[in-house]
Amino acid sequence: MRVRKNDQVVVIAGNYKGKKGKVLKVYPEKKQIIVEGVHFIKRHSRPSQQNPKGGIVEKEAPIHVSNVMVLCPKTGVPTRLGFKVIYDDTKKRNNRIRVCKKSGEMIV
């Protein structure tokens, strides 16, 4: 998966189309991610130490990674990601770096 935690993404399909947010959690085995402020669900919770009253709690639910695109850090537009292989002299090995397809900017 090319999307990682803390990436800025925009939703390109579904009820939340056009919303932007930060990736909070990634589930690579299911190809799903949790995006901040996108796809809220309601869950009933019992009273506990953290939540003494209990009740209904709203939280973000996972969405499929194919429904989002990463925002280019330079231009701020949705873009596809590619990889470049760069040789690192200090560690004597190749490193794969994610790059923006539109601007060629490195995504850290």
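Things worth noting here:
- Residue match in the range 56-75 (condition: free of Cβ contacts under 8 Å to residues at least 12 places away in the same chain and either assigned to a loop (DSSP other than H, G, I, E, B) or under 22 Å from E36 (Cβ atoms) (or both)): no
- Residues that are surrounded by fewer than 10 Cβ atoms within 10 Å (Cβ to Cβ) and assigned to a loop (DSSP other than H, G, I, E, B), drawn from the range 21-54: E29, R46, S48, Q49, Q50, P52, K53
For (1) assigned by TED's automatic domain parsing to the domain that holds D7; (2) in contact (Cβ under 8 Å) with a residue 60 or more places away in the chain, each residue gets a yes or a no:
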residue	(1), (2)
Q50	yes, no
D88	no, no
R96	no, no
I107	no, yes
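- Just one residue in the set V85, V57, V68 is β-branched (V, I, T) and either surrounded by 13 or more Cβ atoms within 10 Å (Cβ to Cβ) or under 13 Å from Q8 (Cβ atoms) (or both); that residue is V68.
The values are calculated or read from the model by the stated rules, or taken from the named source; none is laboratory data. Keep in mind that this is a model prediction, so the values were computed, not measured. Cβ sites come from the backbone with ideal geometry, for glycine too, and all protein chains shown count toward neighbours.
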